[in-house]
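Comments concern the structure below.
The values are calculated or read from the model by the stated rules, or taken from the named source; none is laboratory data. Keep in mind it's a predicted model, so treat the numbers as computed, not measured. Every residue, glycine among them, receives a Cβ derived from its backbone with ideal geometry; neighbour counts consider all protein chains shown. Just so you know, the surface numbers come from the protein's heavy atoms only, side chains and all, with ligands and any DNA or RNA stripped out. Shrake-Rupley method; radii C 1.70, N 1.55, O 1.52, S 1.80 Å.
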Amino acid sequence: MKRIPSTLLLSAFLFGCSSIPSDEQRIKSVTLTGGQIQGDATSYYWYTRRLQQSLTASDYVTMGDYGWYKTTYRWEKNILVEAVREGEMLDNTDDLIPYMMHVRYNGNGEAVYQRYRKDSRIFPLMPNQLAQFQDQSNYLITNVENFDKEGIALYQGEWNGETFYSCDGKQYDQLEFNQILPNFVVARLSGLDSFISFLGEEKNRDKKVLKMSELLLLTDDSYSCVERPELIEE
């Protein structure tokens, strides 16, 4: 009978242990969504967590004639470690110019890397700009988690007056409104094919009924779904 070297047995044991996923790895992450309208700004939010640990988040914000931006945030052990933002802003001549911000933080919340490019020129980031990523990401999480407690999420898709086809491939046969809408909005929703985004909740899954709590966008059906920004490379 041949003897198996102890080193091979040890290697096999270690390999088997390393291939077993941890409890945290076996638990799936959860993604929450939300949004809001504040003045001229319309915001879309996405937030992913696992075991109450923040993983990533994204926002997409339009500000009418003042520009737009999209951001991706990343956490490690509930500490924000990276944020990347791209968008367009007004310059001194009221023209929209592209810009990009990229910040990395250490465990103490100090910016250890920063880059700010505006219309192909490099600028330093001011302390208030560095702090805004911390504040805005915390606000995003609070906003989305409050919506989740109420069962409210972000919905986008096409509405033909009878059926809502969401961007994630689901179909809803009825759309109810929980806010007073202007007559021209009601008329458009009842008669024209439209693209809409809104905050709402599933009222009856069997009958596929959605209840809208706040309308974010109503436009023609040629508008494309807003995808979650993914600006940080893994």
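Here's the picture: charge each Lys and Arg Cβ at +1 and each Asp and Glu Cβ at -1 in segment 82-147, and of 143, 124, 97 the one pushed furthest to the positive end of that dipole is 124. Using a probe of 1.4 Å on the protein chains alone, the accessible area found for residue 37 is around 70 Å². For the chain, the relative contact order comes to 15 percent (Cα pairs under 8 Å, sequence separation of at least 6). In the elastic network of the chain, a GNM with C-alpha springs shorter than 10 Å, the most mobile of 201, 214, 110 is 110. Placing pseudo-labels 7 Å out from each Cα toward the beta carbon at residue 171 and residue 114 gives an inter-label distance of 5.2 nm. The GNM of the chain, with springs linking C-alpha atoms under 10 angstrom apart, assigns the highest mean-square fluctuation among 124, 98, 182 to 182. Applying both filters, DSSP loop and at most 15 other Cβ atoms within 10 Å, to the trypsin sites (Lys or Arg not before Pro) of segment 74-117 gives 77. Among the protein heavy atoms of segment 87-234, carbon and sulfur supply 44% of the accessible surface, probe 1.4 Å, non-protein parts ignored.
Across the cross-link table entries 28/77; 170/211; 70/208; 77/170; 28/149; 149/203, which are compared at the Cα atoms, the separations over 23 Å belong to 70/208; 77/170. Given [x] 32, 17, 17; [y] 39, 29, 15; [z] 35, 22, 17, which label gives semi-axes √(5λ) of the Cα gyration tensor in Å as computed from the coordinates? Label of the calculated value: [y]. Express in whole angstrom the spacing between the alpha-carbon centres of segment 179-228 and segment 27-50. Cα centroid of segment 179-228 versus Cα centroid of segment 27-50: 17 Å apart. Between the beta carbons of residue 232 and residue 186, assuming R0 = 41 Å, the FRET efficiency works out to 0.50 to the nearest 0.05.
I need the calculated FRET efficiency for the pair residue 27 and residue 135, taking r as the beta carbon distance and R₀ as 35 Å, to the nearest 0.05. Result of the calculation: an efficiency of 0.75.
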